[in-house]
Amino acid sequence: MHSTIFDRVLQRRSVWLPHVRRLLEKRADHLRKEAVEEHGPAENCGVITPAYVADVCDANCRGCGYAKSAGGRRYVLTVAQMCQEMAAHAAAIGTNNAAIIVLTGSYEHGSISKRNSMVWANAMGCKAAAEAGFGVILESSPFTQEGFGEILEAMPRAAHDRARSTLFQETWDLKRYRAFCGEDVPENPKGNPVSRAEQHRLAFEAGWRHAGVGVLLGLGSDIAIDIASTIAQAHVLRDMGYRSVTISIPRLVGGSFPEAWRCDDETFKKAVAIYRLLCPWAKILITARETAAMRDELHDLCHILGVLGTTKVGGRAVYPDRGIEQFKLADTRTRDELGV
Ligand code: SF4
């Protein structure tokens, strides 16, 4: 009986926690300088943009505009619409060093027809993105091993090495995890943090070889624990055989959380530098939820930047002026304006 990824992360984070605590005591500008001097500036910066090929999420994460209780429009794009959506993304950002995040939310337990099943929607979305020339980031869950396999196999084989399965653990603080994701009950596909972390094993066994991890900084009551756990998780996945690991670094912003939970700018900058210092082989990803000034300041440490998405054929709006958003975007520059 193997130990779970969750258990292995808890064991290994004790190695990283003292380093993280020590580094958090330094100033962010010192850490940034240290990271660039030690590992060089991050090179070959790429971009990602989200494509919601379906929105039928049965989870109820607090503060998310896509949560079941938010009452938004429910849809599953047809294959033709997904292809149109990818063509619109290609026209907007080009496909060179660019990836699409394929999203549907979490609805394994929902009552949906076979035609609209979560595996089907993600498989067709990944296929459309890969065939349009993009790298692919699968960011939905949960799946069985067979489900992960079906999604991978839907893409042309040549695209497999540009495909990544990303799973946000949100936080390793279990009390706050429950406060954010809801209770572990059969109706809630996101309620169990242990089975959530285990998704990376199922993806690996199904053939996925690139992984993504991350927490929502500020959600956990002790940021050092969340950073150290994420570093431990990246190491566990690398040891498992993943060829690359990306660390996404979103932070808590927005209305429905206590002010005290927020991750301030100085701490956020430290977190980015610490990931770069302690996981120099990982790719660092910063979303467009950060301001232009913040992203410019951290550019040396980033391998991937989030950019705007499109809404050509019915995907949920990620442009601020076109309806419900999942999260607020702060940097609305185009790829050309970003210069990447
Ligand atoms: S954060 Fe993701 S899983 Fe949670 S409600 Fe929103 S779309 Fe669903």
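The values are calculated or read from the model by the stated rules, or taken from the named source; none is laboratory data. Computed from a predicted structure; not experimentally measured. All Cβ positions, even for glycine, are placed from backbone atoms using ideal geometry, and neighbour counts span all protein chains on display.
The single condition among (1) within 12 Å of the ligand (Cβ to nearest atom); (2) among the hydrophobic types (A, V, I, L, M, F, W, C); (3) surrounded by 18 or more Cβ atoms within 10 Å (Cβ to Cβ) that A70 does not satisfy is (3). If only residues of region 28-67 that are farther than 27 Å from L338 by Cα and more than 9 Å from the ligand (Cβ to nearest atom) are counted, the one that is surrounded by the fewest Cβ atoms within 10 Å (Cβ to Cβ) is V56. For region 219-229, the criterion of being outside any helix (DSSP H, G or I) and touching a strand residue (DSSP E or B) at 6+ places or on another chain (Cβ under 7 Å) is met by at least one residue.
For region 21-33, how many residues meet the condition of being in contact with a Lys or Arg (Cβ under 9 Å, 6 or more places away or on another chain) and assigned to a helix (DSSP H, G or I)?
Summing the residues that are in contact with a Lys or Arg (Cβ under 9 Å, 6 or more places away or on another chain) and assigned to a helix (DSSP H, G or I) in region 21-33 gives 6.
In the set (1) surrounded by fewer than 20 Cβ atoms within 10 Å (Cβ to Cβ); (2) within 16 Å of the ligand (Cβ to nearest atom); (3) more than 29 Å from Q11 (Cα to Cα); (4) modelled with pLDDT of 95 or more, the condition left unmet by G125 is number (1). Screening T166 with (1) assigned to a strand (DSSP E or B); (2) more than 15 Å from the ligand (Cβ to nearest atom); (3) not aliphatic (A, V, I, L, M) gives one miss only, at (2). Pairing residues of region 247-276 that are over 20 Å from N60 (Cα atoms) with residues that are of a type in the set (S, T, Y) and not in a strand (DSSP E or B), at Cβ distances under 6 Å and at least 6 apart in sequence or on separate chains, gives I247/Y275. If I ask for residues that are among the acidic types (D, E) and within 16 Å of the ligand (Cβ to nearest atom), which ones from region 169-195 would you list? E170, E183, D184, E187 - these are the residues of region 169-195 that are among the acidic types (D, E) and within 16 Å of the ligand (Cβ to nearest atom). Screening A90 on (1) surrounded by fewer than 24 Cβ atoms within 10 Å (Cβ to Cβ); (2) more than 16 Å from the ligand (Cβ to nearest atom); (3) within 27 Å of R196 (Cα to Cα) shows it passes everything except condition (3).
Of the residues in region 202-210, at least one is in contact (Cβ under 8 Å) with a residue 24 or more places away in the chain, buried (at least 23 other Cβ atoms within 10 Å of the Cβ) and assigned to a helix (DSSP H, G or I). A Cβ distance below 8 Å, combined with a sequence gap of six or more or placement on separate chains, defines the contacts here; from region 50-74, residues that are of a type in the set (V, I, T) reach residues that are near the ligand (Cβ under 6 Å from one of its atoms) in the pairs V56/G105. The residue of region 1-35 that is farthest from S195 (Cα to Cα), among those that are β-branched (V, I, T) and under 24 Å from the mean Cα position of the chain (by Cα), is V20. In region 73-86 there is at least one residue that is buried (at least 20 other Cβ atoms within 10 Å of the Cβ), within 16 Å of the ligand (Cβ to nearest atom), farther than 22 Å from V307 by Cα and of a type outside the set (S, T, N, Q).
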